[in-house]
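What follows is a single structure, written as structure tokens, with notes after it.
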Amino acid sequence: MAAAETAPAETAAAETRDLTSPDGPLPEESRFSATGERLIFDNVPWKDWETAGVEAVQAALDKDNQVITRSRSDVLRFLHLAVSLRNDGVSGDSYTEEDVAKTVELLLQSRAWKEERQPTWTPKLRHAWKNMIFMMAGRDKKRRPVGVIRPTAEERDLWAGSYDDMNRCILALVDDQICSSFIPGVAEQAVFIVDLENVGLTDIPSLVPSLKVLIAELTDNYTGRGGTYYVVNAGWTLSAAVNTVMMFAQPETRNKVQVFRGTLSGYAEELFDLAALPKEFGGEAELGCLAEIPETQESGEKAA
């Protein structure tokens, strides 16, 4: 996958034009990801097998007295994931009892994961990273919410050497702000801008494994996970390092990551409204930060 000078590859997910928009509905062939997964819209009629499958999953959960606080669209996304796991990575046009059982397993695993992780996403931790992990004020031209990951030189002591806290803050941002501003029901349609300007070659050995863990956790637990990751200001050396790592990733993951040696440059206007995109990435807006988070938020940290 080339960096900067070549056009960004098509993302794994199709364009997310809302059916109620002036542009009209998506054509049927555009409602599938590159791997054949049907993109799940709340306002697109479900196929009969999808409706039946979600009802079968809910019945299985009810039978075991399991309560899952997920929307029906989330359950459908997990059902498609279960189907793809037995179908060489491609979602099909029917489901089996095995798929229902696997969907229940995935949902319960995700619930347990969140119950364990969420208490660590404290306001104190997120405030420490407020200038490095936050939501961009605007969206991209496909109306997708945009998260910014931007380690700073001034706060290097926070992130250099260990990225566990960075991952916690990113997961919290997805769980809280990105999912709440998410286009309802659409799989893999958040965007992340990952700015490596202050990351050096010596940081790669600890950074790359951490990012692999992060992408896996986002993929397994959130429909608001990243559909596209724009890695900017990577320079020649980091671009080569990231692209080398991505050679060994799954094809769908490779399609999500676009590496730029500098800013988004000539692609900024194609991908974003320049008035909303921060200057640091090739736009015209001021760089933001994370808004204040109440200490009584359900992350588990209580006010002193």
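For the pair residue 120 and residue 63, a Förster radius of 30 Å applied to the C-beta separation gives a FRET efficiency near 0.40, rounded to the nearest 0.05. Backbone phi angles across the range 106-120, fed through the Karplus curve with coefficients 6.51, -1.76 and 1.60 (θ = phi - 60°), yield HN-Hα couplings of 5, 5, 5, 4, 5, 4, 5, 4, 5, 4, 6, 7, 4, x, 8 Hz in residue order; Gly and Pro are listed as x.
Remind me, relative contact order of the range 121-281 in percent, using alpha carbon pairs under 8 angstrom and six or more residues apart?
Numbers: 238 pairs, mean separation 38.6, N = 161.
The normalised contact order for the range 121-281 reaches 24 percent.
Residue by residue, the range 165-177 carries 3J(HN,Hα) couplings of 5, 4, 4, 4, 5, 5, 4, 5, 4, 5, 5, 8, 8 Hz when phi is fed to the Karplus relation 6.51 cos²θ - 1.76 cosθ + 1.60 (θ = phi - 60°); x denotes Gly or Pro.
Please state the shape class of the range 121-281: rounded when a/c is under 1.5, otherwise prolate if a/b exceeds b/c and oblate if not, all from the C-alpha gyration tensor. Rounded shape, in that the Cα axes give a/c under 1.5.
Rg/Rh for the range 64-150 stands at 1.09; both radii use Cα atoms, and Rh follows the Kirkwood definition.
Express in nm, to one decimal, how much length is gained between residue 201 and residue 47 on full extension, taking 0.36 nm for each residue of separation and deducting their alpha carbon distance.
Difference between extended and current length: 50.6 nm.
Label zone (residue 155, point 7 Å along Cα-to-C-beta; backbone nitrogen cut-off 14 Å) within the range 135-149: 135-136, 148-149. Peptides 193-206, 63-76 ordered by packing proxy, namely the average of other Cβ atoms within 10 Å per residue, highest first: 193-206, 63-76.
A full extension of the chain between residue 86 and residue 55 corresponds to an added length of 9.1 nm, given 0.36 nm per residue minus the alpha carbon distance.
Readers should treat all values here as calculations from the given coordinates under stated rules, not as data from a laboratory. Bear in mind that the values here come from a model prediction, so they are computed numbers and not experimental data. Counting neighbours? That spans all protein chains shown, and the Cβs are built from the backbone with ideal geometry, glycine included.
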